[in-house]
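Presented below is the structure to which this report refers.
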Amino acid sequence: MLNGKNILFGVTGSIAAYKSLEIIRRLTEEGASVTVIMSESACRFVSPLTFEIISGKPVYTDLFEGYVRHINLVKEAHLLMVAPATANTINKCAYGIADNLLCTVWLSYEGPALMAPAMNARMYRNSIVQQNIKSLAQRGVIFVGPESGDLACGEEGVGRMSDVSDVVDTVKCILAQKDLRGHRILVTAGPTRESFDPVRFISNRSSGRMGFAIAEAAHRRGAEVTLISGPSMLKPPRGVSFIPVERATDMEKAVLKKFRKATSAIMAAAVCDYTPSERNKSKIPKKKDFALKLRETPDILQKLGKRKDKRLLIGFAAETGNDKKRAQDKLKRKNLDLIVFNDVTRRGAGFDTDTNIVSLMSRDGDIHDLPLMRKEEIAESILDWIAKHKSKPR
Ligand code: CTP
């Protein structure tokens, strides 16, 4: 995802500098080329050699070594980030003080910039720091964190540098191609849960991973995203409007309401096809034989198909076997533009896995078979299809 992207990565003097190693490892794994600049204090926490090995490139620490280094470093960069950013560096950057290589680079750089602050809670609360963060944010600097929790000094409060994943996700968000800007995408995810007494329910194996990955990627690519999900252990992606639901009828209500303003809808949820006909108010006592009477749930996707107008409508078909004809029929019956077919019996495919093997089958009969992929990659492929076929946002 970050192939061809050059990141200038500033590290300043905080114990959180050890987390930067993992951030850099993840960024390079995604294809970015990361050049590290360390402040003098940062070198007291982690050695430049460690950063050199992790980034696979020379680490810069000295303003006076090399010919106009600060200008050369900024020319090729797509992003300048400082993680951890200490109170001292934040204050200096806000005032344009250029007394070391990193601050001089900051002053000469003109592209997108990110800071992940890390400091003691008292320092973070200080109005000088607060004012300088505000002033940098007003100039377009993106801040991630800090978070609240245990601090290195033994105190508790707001000041911890954000988790590695949050910082990496924000970088990806800044550097992603914004080809879905102006689009309002509705995504459903997870299973639904149909209860028949206060403690028992029927459901399915869906984890929500596919829908959450689509929502996250669509937001990264500039779309305004609403994610409606049944019960899932996953953390809702940042920047996405999240509506948790439980039953198929709750999902139906939320989806129909949000569909009106959407330009596309992707129904990745594994909606239960049946719900108990009755819901007991109290726990049903154990019996030798127990029969549960079920009735059909509303087919949400079919309802969307009837009112889709110019919107792009995408559904999923989880089948047990390679019966693409069934999926094609489903596409026609539900009036879809695209159906994501998968045979859940294949190894590495289906519910509750990190990967899947899908075919994108479009209304005009086109079938695009994808290999075994991570659900995040499948999400990108579905969104590529939308980006290619989208009509102008209304
Ligand atoms: N779906 C829905 N509402 C339901 C059931 C399914 O909106 N009550 C959506 C799913 O989100 C998915 C698509 O319909 O995008 C396909 O679901 P699936 O269960 O495979 O299709 P069915 O129409 O139930 O067909 P069948 O069970 O006969 O395969």
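The values are calculated or read from the model by the stated rules, or taken from the named source; none is laboratory data. Only a predicted model underlies this, so the values are computations on that prediction, with no experimental measurement involved. We place every Cβ from the backbone using ideal geometry, glycine too, and count neighbours over all the protein chains shown.
Please verify whether Lys308 is farther than 23 Å from Arg374 by Cβ, more than 8 Å from the ligand (Cβ to nearest atom), loosely packed, with under 12 Cβ neighbours inside 10 Å and assigned by TED's automatic domain parsing to the domain that holds Ile378, treating the condition exactly as stated.
no
Anything in the stretch 237-259 that is within 16 Å of the ligand (Cβ to nearest atom), surrounded by fewer than 23 Cβ atoms within 10 Å (Cβ to Cβ) and hydrophobic (A, V, I, L, M, F, W, C)? List them, or say none.
Our first condition is that a residue be within 16 Å of the ligand (Cβ to nearest atom); within the stretch 237-259, this holds for 243, 245-259.
When the remaining residues are screened for being surrounded by fewer than 23 Cβ atoms within 10 Å (Cβ to Cβ), the result is 243, 245-247, 249-250, 252-254, 256-259.
Listed by number, the residues that qualify are Ile243, Val245, Ala254, Leu256, Phe259.
Filter the stretch 176-224 for residues that are of a type in the set (A, V, I, L, M, F, W, C) and surrounded by fewer than 22 Cβ atoms within 10 Å (Cβ to Cβ); which is nearest to Lys283 (Cα to Cα)? Please lay out each step first, then the result.
First, the residues of the stretch 176-224 that are of a type in the set (A, V, I, L, M, F, W, C): 176, 180, 185-187, 189, 196, 199, 201-202, 210, 212-215, 217-218, 223.
From what's left, surrounded by fewer than 22 Cβ atoms within 10 Å (Cβ to Cβ): 176, 196, 199, 201-202.
Details: Ala176: 50, Phe196: 9, Val199: 7, Phe201: 11, Ile202: 15 Å.
Among those that are of a type in the set (A, V, I, L, M, F, W, C) and surrounded by fewer than 22 Cβ atoms within 10 Å (Cβ to Cβ), it is Val199.
Go through the residues of the stretch 65-79 one by one and say whether even a single one is more than 23 Å from Leu175 (Cα to Cα), at pLDDT 95 or above and more than 23 Å from the chain's Cα centre (by Cα).
No, because not a single residue in the stretch 65-79 is more than 23 Å from Leu175 (Cα to Cα), at pLDDT 95 or above and more than 23 Å from the chain's Cα centre (by Cα).
Table: residues versus (1) away from the ligand (no atom under 13 Å from the Cβ); (2) among the small types (Gly, Ala, Ser); (3) under 21 Å from the mean Cα position of the chain (by Cα); (4) closer than 18 Å to His183 by Cβ.
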{"residue": "Ala223", "(1), (2), (3), (4)": "yes, yes, yes, yes"}
{"residue": "Lys235", "(1), (2), (3), (4)": "yes, no, yes, no"}
{"residue": "Lys261", "(1), (2), (3), (4)": "yes, no, no, yes"}
{"residue": "Ile300", "(1), (2), (3), (4)": "no, no, no, no"}
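Whether any residue in the stretch 276-286 is in a loop (DSSP other than H, G, I, E, B), away from the ligand (no atom under 13 Å from the Cβ) and within 28 Å of the chain's Cα centre (by Cα) is what I want to check.
No, the stretch 276-286 has no match at all.
Just to confirm my filter: which strands (runs of 3 or more DSSP E) fall fully inside the stretch 128-244 and include at least 2 residues that are outside the structural domain of Glu296 (by TED's automatic domain parsing) and of a type in the set (D, E, K, R)?
147-150, 156-160
I need the full set of residues from the stretch 315-326 which are more than 8 Å from the ligand (Cβ to nearest atom) and closer than 16 Å to Ser362 by Cβ, in order please.
Lys324, Lys325
How about the stretch 311-326: which of its residues are over 27 Å from the mean Cα position of the chain (by Cα), charged (D, E, K, R) and part of a loop (DSSP other than H, G, I, E, B)?
Residue satisfying the conditions is Asp323 alone.
Residues Asp329, Asp299, Asp352: which one is farther than 30 Å from Arg279 by Cα and assigned by TED's automatic domain parsing to the domain that holds Ala248?
Criteria check complete, one pass: Asp329.
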